[in-house]
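Below is one structure; the comments refer to it alone.
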Amino acid sequence: MRDRGSACGAQYQHNYSILATPAEGLSGRFTKRDRKSFGIIPGVTDKDYYINSNHVPVYYHCSPRHKAEIEAPYHDLTRGGHIFYVEIDGDATHNPEAVMDIVNLIDKYNIGYGSVNHNRNRCMDCGYEDAQEGLEVCPRCGSKHIDKLQRITGYLVGTTDRWNSGKLAELRDRVVHK
Amino acid sequence: MIDIIEGTTVDGPGLRTSIYFAGCEHHCFGCHNPQSWDSHAGKPMTIDDIIRVVEYNDFNVTFSGGDPLFQAEGVAELAQRIKKQLGKSIWCYTGYRWEDVVHKLRYQPLLQSIDVLVDGPFKMELRDISLRFRGSANQRLIDVQKSLRCNVPVLYE
């Protein structure tokens, strides 16, 4: 596909580039339609979502280095746009050095664009913040009004209330990279 | 060996390869890893096997468990090789207090090869998730080489 894009660029004297699928809505919708057409195919349509672009499956346990090594070659093929991300296991505010290490991985493997995914809870009443998983009650003031920030592939979204069903299913399967 | 976690962010600064050793006699209430108390838990691994994993990931290293001091001799040999061959920083968690180990001959080779010792048992009543890299407020991040030179526990950073 990359070669074809480059050939078109040369032939028509326009810019052509290959973009890795962002697939925010498509990841759920296409799976549903494909299941209707082809039935349940193990490893293909047996989940409620497709994994975005060239990513290692969200439920596959591996280290950040291994993930970078696997995904980086596709970044060179999809020069119109792509993303590499690492789900970290702790509180990012406790470990800025880890964020730096991920940036260094991105640099080392010549990855075009990358992100660090981490949880952030914020109490909407008293402003308390932490990174615990599944926090329902503010440990400081007891409020249940907690904003849980998580990162969907392209964007920082507030709570997960606005995620579509495919993305919510994907979120449930995600593992941290360690 | 219980497990090797490649690229964790919770056991010291940066991404780290954390090595979980079997065996612990502290049995702290609220331990996040009680299956690691049994010294026969997990599976045996050679030092070469562990070195390969550390080398591949190229991250700094943390020893955890279990209590790494439970098998201090083997862990010391591993630490020496990591230092010499790979030049990585090494953090080590233990349920013992610095004062309990610093004068014991058995622990000298290990202490010579590690950078930071996170010491003391986990105490549920002192649990505080806002602390960096430790579970309860009694635990300390000790700069081992400085402490050995000064002959008193010197805190890291």
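Just so it is clear, none of the values below were taken in a lab; they were calculated from the coordinates. Note that the coordinates shown come from a computational prediction; the quantities given were computed from them, not determined experimentally. Methodologically, a virtual Cβ is constructed for each residue, glycine included, from the backbone with ideal geometry; neighbour enumeration extends over all protein chains shown.
Annotations for the structure displayed:
- The stretch A:1-87, relative contact order [Cα under 8 Å, separation at least 6], %: 33
- GNM result for chain A, Cα springs below 10 Å: residue of A:Lys148, A:Lys167, A:Lys108 fluctuating most strongly: A:Lys108
- Cα extents of the stretch B:38-149 along the three principal axes, largest first (Å): 40, 33, 27
- Rel. contact order, % - alpha carbon contacts under 8 angstrom, at least six apart, chain A: 24
- Annotation: aspartates and glutamates with alpha-carbon distance below 17 angstrom to A:Lys32 (same-chain offsets under eight excluded): A:Glu24, A:Asp46, A:Asp48, A:Glu170.
- Listing A:Ser37, B:Ser36 from fewest to most neighbouring C-beta atoms within 10 Å gives A:Ser37, B:Ser36.
- In this structure the amide hydrogen of A:Lys178, modeled in the peptide plane, comes within under 5 Å of the amide hydrogens of A:Cys62, none closer than 5 places in sequence on its chain.
- Amide H contacts of B:Tyr96 (H built 1.01 Å from N, under 5 Å, at least 5 apart or other chain): B:Gly120
- Cα centroid of the stretch B:97-124 to Cα centroid of the stretch A:9-78, whole Å: 48
- D (Stokes-Einstein, µm²/s), Kirkwood Cα radius, the protein assembly as shown, 1.002 mPa s at 20 °C: 95
- Most fluctuating residue given options A:Arg65, A:Arg35, A:Arg120, as computed from a GNM of chain A linking Cα atoms under 10 Å: A:Arg35
- At a Cβ-Cβ separation cutoff of 4.7 angstrom, cysteine residues of chain A with no neighbouring cysteine are A:Cys8, A:Cys62.
- Ordered by the number of other Cβ atoms lying within 10 Å of each residue's own Cβ, fewest first, A:Asp89, B:Asp67, A:Asp173, B:Asp49 fall into the sequence B:Asp49, A:Asp173, A:Asp89, B:Asp67.
- With contacts taken as Cα pairs under 8 Å at a separation of at least 6 residues, the stretch B:1-120 carries a relative contact order of 24 percent.
- Once divided by 2.2 N^0.38 Å, the Cα radius of gyration of the stretch B:110-155 becomes 1.24.
- Among the listed pairs A:Lys47/A:Lys144; A:Lys144/A:Lys178; A:Lys108/B:Lys43; A:Lys178/B:Lys104; A:Lys36/A:Lys167; A:Lys167/B:Lys43, a Cα-Cα separation exceeding 29 Å is found for A:Lys47/A:Lys144; A:Lys144/A:Lys178; A:Lys108/B:Lys43; A:Lys178/B:Lys104; A:Lys167/B:Lys43.
- At q = 0.12 Å⁻¹, base-10 log of I(q)/I(0) for the stretch B:31-92 (Debye sum, equal scatterers on each alpha carbon): -0.30
- Neighbour counts of C-beta atoms inside 10 Å place B:Cys92, B:Cys24, A:Cys8 in the sequence A:Cys8, B:Cys24, B:Cys92, starting with the fewest.
- Debye intensity ratio I(q)/I(0), log10, the stretch B:89-130, q values 0.15, 0.20, 0.34 Å⁻¹ (C-alpha model): -0.42, -0.67, -1.25
- Backbone N within the stretch A:71-110 under 12 Å of label point (7 Å from A:Met1 Cα along the Cβ vector): A:74-75, A:77-82
- Percentage of interatomic Cα-Cα distances in chain A larger than 23 Å: 52
- Between the residues B:Phe70, B:Tyr156, B:Gly135, the greatest Cα displacement towards the positive end of the dipole of chain B, with unit charges on the Cβ of Lys, Arg, Asp and Glu, is found for B:Tyr156.
- Full extension of the chain between A:Lys36 and A:Asp147 gives 36.3 nm of extra length, using 0.36 nm per residue less the Cα-Cα distance.
- Inter-centroid distance (Cα atoms) of the stretch B:10-80 relative to the stretch A:113-142, Å: 30
- Amide H contacts under 5 Å for B:Ile142: B:Leu117, B:Val118, B:Asp119, B:Tyr156, restricted to partners 5 or more places along the chain or on a different chain, H placed in the peptide plane at 1.01 Å from N.
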